[in-house]
Amino acid sequence: MAPQSRANAAEGVQRRTCASPLYSLLLLLLLAWPAHAQFLTRPVNLAELTQRAAIIVQGRVVEAVYEGHPDYPHVRTVRVTLAVERMVRGAQAEFFTFREFLPGLQASRGKRGYAAGQRLLLFLPRPSQYGLSSPLGAEQGRFRILRDARGKEMIVNDLGNAGLFRDVPDAVARAGLRLSPAEERVAASARGAVPLEDLLSLVERLSQLPSVQ
């Protein structure tokens, strides 16, 4: 459905009563359907996340407000503000805010909930026409930063980094690039947390690949 058609349909649905679950479900689908596949949940690796992301930001959550969409109050969203620690891609700023659509069971705090104090690395697309932006690949594009028993900063996505580095060395080789020894160790990981700085170094390397819209 074309963006303008979706907008017209959404406005028509909004004018009807919100009491009908059918109307609410239709509106949710209209709002959630991404023009740039931002809610895509097929397996994606770090190379594709890096190529597709318009924003790559590391920061600490300072506010997470679970609320209705400003224009569609019965559509659940979460507005997240990060104190930026590192803007890998995007306009430099002290704070970064985005609004994420919460479909179905995600409409309340849960596994993918946001809370003040969390340190995250996010791969995000450009916001949709409704101002919504969700991590690319869902759980695959949202990373938690933590410290291991020795105090070293580690990073892992919500899928435990499973499949994250699949085919990454091949993508690098096809582009005529070379990985550092630390990047090679990260790219050889099958799953589990990896050193934060090594992953960020690998992301910088993968940023040399052509972007994908």
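The values are calculated or read from the model by the stated rules, or taken from the named source; none is laboratory data. All figures in this text were calculated on a predicted structure; none of them were measured in a lab. Every residue, glycine among them, receives a Cβ derived from its backbone with ideal geometry; neighbour counts consider all protein chains shown.
Please determine whether any residue of the stretch 56-77 is assigned by TED's automatic domain parsing to the domain that holds L136, surrounded by 15 or more Cβ atoms within 10 Å (Cβ to Cβ) and modelled with pLDDT under 55. Among the residues of the stretch 56-77, not one is assigned by TED's automatic domain parsing to the domain that holds L136, surrounded by 15 or more Cβ atoms within 10 Å (Cβ to Cβ) and modelled with pLDDT under 55, which makes the answer no.
Listed here are the residues, each with its yes/no results for (1) touching a Gly at 6+ places or on another chain (Cβ under 8 Å); (2) modelled with pLDDT of 95 or more; (3) surrounded by 16 or more Cβ atoms within 10 Å (Cβ to Cβ); (4) not assigned by TED's automatic domain parsing to the domain that holds L199.
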| residue | (1), (2), (3), (4) |
| --- | --- |
| F98 | no, yes, yes, no |
| F101 | no, no, yes, no |
| L105 | no, no, no, no |
| K111 | no, no, no, no |
| G117 | no, yes, no, no |
| L122 | yes, yes, yes, no |
| Q129 | no, no, no, no |
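For beta carbons closer than 8 Å, sequence separation of 6+ or different chains, a first residue in the stretch 180-203 that is acidic (D, E) and a second that is outside any helix (DSSP H, G or I), the qualifying pairs are E197/E153. The residues on offer are V61, V80, V65, and the sole one that is assigned to a strand (DSSP E or B), out of contact with any Asp or Glu (no Cβ under 6 Å at 6 or more places or on another chain) and under 27 Å from R191 (Cα atoms) is V61.
Evaluating V212 against the criteria (1) in the same structural domain as V57 (by TED's automatic domain parsing); (2) surrounded by fewer than 19 Cβ atoms within 10 Å (Cβ to Cβ) leaves one unmet condition, (1).
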